[in-house]
Amino acid sequence: MRRELAKIRVLIVEDDPATGRLLAGMVEEAGYPPPVVVETGSAALLAAGSADLILLDQALPDTTGLELLTAFRALPDPPSVILVTANPDASLAAQALRAGVDDYLVKDDALARLLPEVMERVRRLRALSAALAAAERDLVHAERRAAIGQLNVTLHHTINNPLMAAFAELELVLGTGGLTPEQQRGLTAVRDALLRVRDILARVGTLRHDHTTEYLEGVEMIDLSRRTRQTPVMQGEAVLLIADEDLARVVTMLLRHAGFAPYRVTDPRELHARAGLVGVSLVVVQGGYGIGTDPLAGFRPAADRHYTLVALSTDDGAPARALGADHVVPLPFDPAPSPARSSRRGGTSDGRGRPWPALLSAAPLLRPADAGPGERREGREVP
């Protein structure tokens, strides 16, 4: 069983026991764990909360599949839904897609062949949506940390000098003598308060997170008691030639999260010029679609290149490897952890000792596993 499939929880909602067993067999044969099979809408509602993917029949004893879909979509973590029905009516398919099903299959002779393909596509889209949501959350955190950094500069610029002047004046007063014990205690308390302000400024100066803690009910403040994690080592520049805007956005977020500095180009000529610069460690190219299109979008890598070339492809990747791609990632893009893929030189390495970058399970990161820190170049980074 493939690792990325082992955790997918499949629910089959089918009122005919024989068809339910048939679908369950197809699901297991495709590499998924044994699915849960229920025969009614009420049972489906009870089981849907623990499912990642639902194969849903339209005609059920107590309701219809489309009526159940509304309830599924209201769950905190809505499952993906494939409507599997004996009704070949195109209007039902259109209605189901408008209602939010992820795909639609008819129970005919092609079902055994199409079901694994559709389930895999839906699984990848679900994983991609989760990865995009996580990347967007990381982007929000990065923007907040940037704002904190700007505030830190402002605080040190506006407070540090007055604070040092206050310390100097206070020490002069305390050193003159002739103070009463009460004055001495008062000035010592003032000095202690200034020291606390200095310590808080120092903690703010090393702040690299935006975690908050509750100050008052409904009011939060930055938690200065948390330890700051080290900034990840830069992996170098990654140059992207990706025409699809949504795909470019996802890949950019994943690369930035992994420590790369993404730089997007618009044509093969610009890519060729940029890829030759010092500090470029990764090049990602989206190939063309369909028969007769260029698998590397017109780009041809130099034989003595110092970067790893990754092709995003809708086919088996053989044409891209033949033109020099070190690795091929199939589209639709799968952000789940995957085993090492064969390179154009065979095996799991690209000939330079760098295995195919894995998408780690804890947080989807795309990076060469043993790439050393590269030079981060200034340039037109992708927003």
(request) Could you pull out every residue, at least 5 positions away or on a different chain, whose amide H is within less than 5 Å of the one on V37? Hs are placed 1.01 Å off N in the peptide plane, and Pro or chain starts have none. (result) I12
(request) Just flag the GluC sites (Glu not before Pro) in the stretch 171-219 sitting in loop per DSSP whose Cβ has no more than 12 other Cβ atoms within 10 Å. (result) E217
(request) May I ask you to sort L195, L240, L216, L331 by Cβ crowding, counting other Cβ atoms within 10 Å and putting the fewest first? (result) L216, L195, L331, L240
(request) Starting from the Cα-Cα distance between M221 and D316, subtract it from 0.36 nm times their residue separation and give me the gain in nm to one decimal. (result) 29.1 nm
(request) Give the residues of the stretch 1-33 whose amide nitrogen is closer than 15 Å to a point set 7 Å from the Cα of A134 in the direction of its Cβ. (result) 4-5, 7-8
(message) Taking R0 as 25 Å, what FRET efficiency do you get between T70 and R9 from their Cβ-Cβ distance, rounded to the nearest 0.05?
(response) 0.75
(request) Just rank H156, H257, H327, fewest to most, by other beta-carbon atoms within 10 angstrom. (result) H156, H257, H327
(message) Once each part is reduced to its C-alpha centroid, what is the distance from the stretch 132-176 to the stretch 1-64 in angstrom?
(response) 55 Å
(message) Quick check: pseudo-label points 7 Å beyond the Cα along Cα→Cβ at A273 and V173, how many nm apart are they?
(response) 6.4 nm
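Every number here is computed from the coordinates shown, using simple stated rules; none is lab data. Quick caveat: nothing in here was measured; it's all calculated off a predicted structure. Note: ideal-geometry Cβ built from the backbone for every residue, glycine included; neighbour counts use all protein chains shown.
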